[in-house]
């Protein structure tokens, strides 16, 4: 199929983003445009503070642009309300991030189930799909292991399984090998390359040239501007993935995962559009939260990244609520 006939998954059009910190305007993006077609594997490469993570936030419906538009599968998502963005993230976007952000007192299979819980999938179906996803990333014998019982590479594979559980249109990976040794990092990149061959659309943010070259296209960003791009893979955009699909290679289940905690070095924090409500800040300091090993920013990251409704985020500490739903014998755990 000619490259210009392959459907566009994400289109960023002249996007600008300005953060206001203590009355000072800080421009993070200064008119960025980017287009990614179905089945493409694209790296966004830049130094710390270049704007690459801000671009990923906006592309992933975690934040809204100050100006410009973002189209996901042809729908303009740049002006949607919080709950609408949460639904889009849950149904259409999977997240893979450097810091894993797994619920520490929860086994691997339950961590992978979390996006399905927010999507309203029945418990038996959640468990079946989560087990299949973990088996696909080589963790079929680690279903009931807690994060502390897993290596860094295994934790990242749990996060990948969670990112794939809801069949997303787009998977976003932010420095996916940043916390891994070279061997574990190579294994994670092999999995991402396999996903690309199976037709998954991938955007990866990195500062590492060697990691970026696993993609078929590298977009260079500096000081909030796209400097240019280069093709490092082979074939037209998305042709590897489309060929795999045409050959009948099964696509893995997919879904939304968790997010990192650090900002881009400007002090704005990772979720400038989602200030932590005081009740969540208090809940994170409670004995129950400390017992669970949960922190307010981690809970916010997991909840926002898996597509939890805004009303839930504002009412309860989301990780505590998710653990209660998944482990309780009450009605919520049997839906």
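Computed quantities for the displayed model
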{"read-out": "Packing-based exposure ordering (other Cβ within 10 Å, fewest first) of 4, 223", "value": "4, 223"}
{"read-out": "At R0 = 51 Å, FRET efficiency that the Cβ-Cβ distance of residue 5 and residue 47 yields, to 0.05", "value": "0.90"}
{"read-out": "Gain in span if fully extended, residue 193 to residue 104, counting 0.36 nm per residue against the direct Cα distance", "value": "29.3 nm"}
{"read-out": "Exposure proxy order (Cβ contacts within 10 Å, fewest to most) of 64, 183", "value": "183, 64"}
{"read-out": "Cβ-based exposure ranking for 100, 146, in which fewest neighbours within 10 Å come first", "value": "146, 100"}
{"read-out": "The range 136-162-the range 42-76 distance, computed between alpha-carbon centres (Å)", "value": "28"}
{"read-out": "Cα-based equivalent ellipsoid, the range 31-172: semi-axes from gyration tensor eigenvalues, Å", "value": "29, 18, 13"}
{"read-out": "Kirkwood hydrodynamic radius (C-alpha pairs) into Stokes-Einstein, the range 145-187, 37 °C and 0.692 mPa s, D in µm²/s", "value": "292"}
{"read-out": "Inter-label distance, nm, simple model (7 Å from Cα along the C-beta direction), residue 148/residue 82", "value": "3.3"}
{"read-out": "In Å, descending, principal axis extents of the Cα set of the range 75-146", "value": "43, 29, 22"}
{"read-out": "Mean Cα-pair separation over length for the range 87-223, i.e. relative contact order, pairs under 8 Å, 6 or more apart, %", "value": "30"}
{"read-out": "Ellipsoid equivalent to the range 1-109 - semi-axes via the Cα gyration tensor, in Å", "value": "22, 22, 15"}
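All of the numbers you see were taken from the coordinates with simple rules; none came from a lab. Computed from a prediction, not measured in an experiment: that's the story for all the values here. Because the Cβ atoms are built from the backbone with ideal geometry, glycine has one as well, and the counts that use them run over all protein chains shown.
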